[in-house]
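Structure record follows, encoded as C-alpha cells.
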C-alpha cells in the first residue's frame, strides 16, 4: 500500500473521529433555517436516515403527524451549516430534530419495519392487487424485487370497490448519477464496492446494439455515463423493457412498449434490453470515464495526486458511491488534484405522504432479513 493511500485513509479516519455520533432525538425542538431541501418521511427515524444518506445533510427537523400550525405533516427538513451545528435551537410543539448518523457508521440499507395507520404513501405505483390484510401486502412487497413501499386499503375504506387493494410502489434501489456532463480535465468513476443487483447464481445474458436506436418515446430519462450503467437503471425499474443510451448527451432513455421493438440505425446511440433475475456483469464500474463529470452530490473533497488514489478512497468509504477527480492540468488550478467523493439516497423514499383514513402504508422488509 503506497504512502499517499495510507495518508488518505488516515485523513478519512480523523474526519470521522472529529464528528460525534449523536443518535438521540430532540422532541419539540426546532432547528430553524439553514435548510438544504425537504423530503417526505412517515416518522422521525426515516427522516434521520434520509439525512444520513444525503451527501451534505448534518442535522434535520421533522414535522410530525401531530403538527397543527399548517398541513405540512411528514415534512423532513434537511439542514447544514459550516460549523456542523444548528445556529439556533428553539422549542416548538409538533416537531422533532436530530443529527445525521454519518459518524455512527450506519447500515447503508437500514431496516424499515414499521407500518403507518391512516397514512398514504402517494404516487410511484407500478402494480396493484388485492390481499386480505396489510401484512400480506407487505409480504408481497418484500418478495417483489421492484417494490420499495406500499399502501393497503382497509376493509372499512369509504370506496367499497377498492377495499383490500394493495398498491406496490417503486423507489430507485441503486445509486443514480444525478448530473453527468462532458468536461475536459476531469475523470469520474464508481466505487468498486457498489451494489447494483441482488445476488444470483445465474449470469445475465447481456446484449448491446451499438449505433442503434430503439424507437419510441421514453417514459423517463436518466443521466448515465455508459450503456452498461443505462442497462443497470433499466433492469431495476419495473416499467422499463428496453433502453437507448445517447453518448452525446450522456442520457439513458428508458422505454416500455410491450408490443414491439423497432430498431433504427443511429450513430452515437447504443440500445439494449432489460435483464431480470440474474447476476449482472458489474465489471464496468471499474472503468474510469475520461472527460466525464459527475456533477453535484458531493460528500467532501480531498487533495490527491492521481485518479487511482481517488478511486481507492471512494471504494473503501462506505458512504461513497461514485467520484470525480480533477487532473493537475485542469484549466482552473484552484480545483486541481481535488477528489470529490459523492453519494445519493438509495433507501425507499415516498414522493409524497398524506393523511388518509383507513389505509396502511409501509416499506419492503428485504433489508431486514
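The values are calculated or read from the model by the stated rules, or taken from the named source; none is laboratory data. Fair warning: this is a prediction, and the values are worked out from it, not measured in the lab. Heads up, the Cβs are rebuilt from the backbone with ideal geometry, glycines too, and the neighbour counts pull from every protein chain shown.
The residues on offer are 280, 321, and the sole one that is modelled with pLDDT under 95, in contact with a strand residue (DSSP E or B) (Cβ under 9 Å, 6 or more places away or on another chain) and surrounded by 19 or more Cβ atoms within 10 Å (Cβ to Cβ) is 280. In the stretch 126-138, the count of residues that are at pLDDT 95 or above, surrounded by 20 or more Cβ atoms within 10 Å (Cβ to Cβ) and in contact with a helix residue (DSSP H, G or I) (Cβ under 7 Å, 6 or more places away or on another chain) is zero.
Based on what the data block shows, is residue 91 part of a loop (DSSP other than H, G, I, E, B), over 23 Å from the mean Cα position of the chain (by Cα) and more than 28 Å from residue 367 (Cβ to Cβ)? Walk me through it before giving the result.
On the way: part of a loop (DSSP other than H, G, I, E, B): no; over 23 Å from the mean Cα position of the chain (by Cα): yes; more than 28 Å from residue 367 (Cβ to Cβ): yes.
No.
Quick one: which residue in 76, 57, 51 is outside any strand (DSSP E or B), touching a residue at least 12 places away in the same chain (Cβ under 8 Å), closer than 21 Å to residue 112 by Cβ and touching a helix residue (DSSP H, G or I) at 6+ places or on another chain (Cβ under 6 Å)? Show your work before the answer.
Details: 76 fails: outside any strand (DSSP E or B); 51 fails: touching a helix residue (DSSP H, G or I) at 6+ places or on another chain (Cβ under 6 Å).
Exactly one residue qualifies, and that residue is 57.
Residue 137 meets all of the listed conditions (1) within 23 Å of residue 350 (Cβ to Cβ); (2) part of a loop (DSSP other than H, G, I, E, B) but one, namely (2). Only one of the numbered conditions (1) more than 21 Å from residue 290 (Cβ to Cβ); (2) crowded, with 20+ Cβ neighbours inside 10 Å; (3) out of contact with any strand residue (DSSP E or B) (no Cβ under 9 Å at 6 or more places or on another chain) is violated by residue 243, and that is (3). The combined condition, being under 30 Å from residue 281 (Cα atoms), assigned by TED's automatic domain parsing to the domain that holds residue 335 and in contact (Cβ under 8 Å) with a residue 40 or more places away in the chain, is not fulfilled by residue 148.
So that you can scan it fast, the table gives a plain yes or no per residue for (1) surrounded by 13 or more Cβ atoms within 10 Å (Cβ to Cβ); (2) touching a helix residue (DSSP H, G or I) at 6+ places or on another chain (Cβ under 8 Å); (3) modelled with pLDDT under 95:
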{"residue": "151", "(1), (2), (3)": "yes, no, no"}
{"residue": "154", "(1), (2), (3)": "yes, yes, no"}
{"residue": "158", "(1), (2), (3)": "no, no, no"}
{"residue": "186", "(1), (2), (3)": "yes, no, no"}
{"residue": "189", "(1), (2), (3)": "yes, yes, no"}
{"residue": "197", "(1), (2), (3)": "yes, yes, yes"}
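The strands (runs of 3 or more DSSP E) located wholly in the stretch 225-341 that include 2 or more residues which are under 24 Å from the mean Cα position of the chain (by Cα) and in contact (Cβ under 8 Å) with a residue 60 or more places away in the chain occupy 269-273, 289-294, 298-303, 322-326. No other residue among 234, 252 is out of contact with any helix residue (DSSP H, G or I) (no Cβ under 6 Å at 6 or more places or on another chain) and surrounded by 18 or more Cβ atoms within 10 Å (Cβ to Cβ) apart from 234.
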